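Below you'll find the structure, written out as structure tokens, and then a few comments.
Nothing in this text is a laboratory measurement; each read-out follows from the coordinates by a stated rule. Since this is a predicted model, take the numbers as computed values, not measurements. Cβ placement follows ideal geometry from the backbone for every residue including glycine, while neighbour counts extend to all protein chains displayed.
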Amino acid sequence: MDSSTSRTSLNCISLADPDIQKSVALLKQACLDSGFFYVVDHGISQEFMDEVFDQSKKFFDLPHSDKMTLLRDEKNRGYTPMLDEILDPENQVNGDYKEGYYIGVEVPVDDPQANRPFYGPNQWPSEEVLPKWREVMEQYHSEALRVAKSVSRIIALALNLDVDFFDRPEMLGEPIATLRLLHYEGGQKTGQVSNPAKGVYGAGAHSDYGLITLLATDDVVGLQICKDRNAQPQVWEYVAPVKGGFIVNLGDMLERWSNCIFRSTLHRVVLDGRERYSIAYFVEPSHDCVVECLPTCKSETNPPKFPPITCSAYLSQRYKDTHADLSSYSNNKA
């Protein structure tokens, strides 16, 4: 079975660098090589990042029964318990040894847009239990979207598109953007340390579904990437955390959009028994956006590899494939 202790080096892109062509070159190389890169100087203060992590920890420290009252709904908003998600069913003996919390684009229940699969009201812990929690998470959601849009402009240039290609209303003008708080319990709580040889993972091997993901982590190493999923045996490399910055990766939707020129890379979380917190921000275009081969990514010798599909239809199927059926919790939710 595979084993890995080496670390990979990733390109680092500063959003404050005035030399946009330098950023484009660094990003393009990263997207062709591994689909992973660092983003720094993004404008979110370290103090605020620390506050978001602190508020996340406060939620996961609540009693299990309290968290289950906020169990994720059919819109994938709310709490996901330990083992709820199974990302690599062929190799995992159980689900992921992590718990999470989904926060999407807030749309009031009486808004017609709330009828769409990935829009609607979020579930929020009460102010009495966690004061300021909603305020902090909504601010972070907004700040992270700003950063994602900045990154998308560099991606557009790297794909020889207009710089504002992804800013259009049908793209990121009305995005499906999801914040997900994640907590990996330490081995002292679960008795489980990640063991790939036995099919035990913090998070099983997977590639992300959408356009791009911004990942903020604490200082506990755990994320691994596999640059060549077809290699036998697969080679896994750790990605070092970056203080105050984001680890950014491309999702399957962008790989599909770019006709497999840009890469959506397998990654997983393998832990040594220490507790770990991370915050993922998944960014996708609007529900009705048709994902079809970009004009700059096809030719007579490289025709489109995938048929067109709407963003909403694509994401709905991917969520259904990886999460437990909500009915399995019917006896547990208070």
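Just a few scattered comments:
- Span from the the range 45-119 Cα centroid across to the the range 201-260 one, whole angstrom: 19 Å
- Taking a straight Cα-Cα cut-off under 28 Å and skipping sequence neighbours fewer than 8 places away in the same chain, the lysines within cross-link reach of LYS198 are LYS98, LYS189, LYS227, LYS320.
- Student exercise, the range 133-230 dipole from Lys, Arg, Asp, Glu Cβ charges, in Debye to nearest 20: 380 debye
- Cβ-based net charge around GLY210, under 11 Å, with every Lys or Arg adding one and every Asp or Glu removing one: -2
- For a label point 7 Å along the Cα-to-beta-carbon line of SER142, residues of the range 158-182 with backbone N under 20 Å: 172-181
- Equivalent-ellipsoid semi-axes for the range 121-177 (Cα gyration tensor, √(5λ), whole Å, largest first): 32, 11, 6.
- Cα shape, the range 1-52, gyration tensor, a/c 1.5 rule: oblate
- Remark on GLY120: its backbone amide H falls under 5 Å from those of VAL107, a criterion applied only to residues 5 or more positions apart or on other chains, H modelled at 1.01 Å from N.
- Residues with amide H under 5 Å from that of GLY35, placed H, sequence gap 5 or more: ARG263
- Gyration tensor verdict on the range 77-210 (Cα atoms; rounded if a/c is under 1.5, prolate if a/b is larger than b/c, oblate otherwise): oblate
- Annotation for GLN46 and ARG168: the two label points, set 7 Å from Cα along the Cα-Cβ direction, are 4.1 nm apart.
- The GluC sites (Glu not before Pro) found in the range 133-180 include none that occupy coil by DSSP while having at most 13 further C-beta atoms within 10 Å.
- Mean separation of Cα contacts under 8 Å, 6 or more apart, over the residue count of the range 107-256: relative contact order %: 15 percent
- Rounded, prolate or oblate (a/c below 1.5 giving rounded, otherwise prolate when a/b exceeds b/c) for the chain by Cα gyration tensor: rounded
- The chain - mean residue ellipticity at 222 nm from DSSP helices (-39,500 (n - 2.57) per run, n ≥ 4, rounded to 500): -7500 deg cm²/dmol
- Charge dipole (Cα centre; +1 on Lys/Arg Cβ, -1 on Asp/Glu Cβ; no other charges) of the chain amounts to roughly 660 debye.
- Across the range 242-258, computed HN-Hα scalar couplings (Karplus, 6.51 cos²θ - 1.76 cosθ + 1.60, θ = phi - 60°) run 10, 4, x, x, 10, 8, 10, 9, 7, x, 4, 5, 6, 4, 5, 4, 8 Hz from first to last residue, x flagging Gly and Pro.
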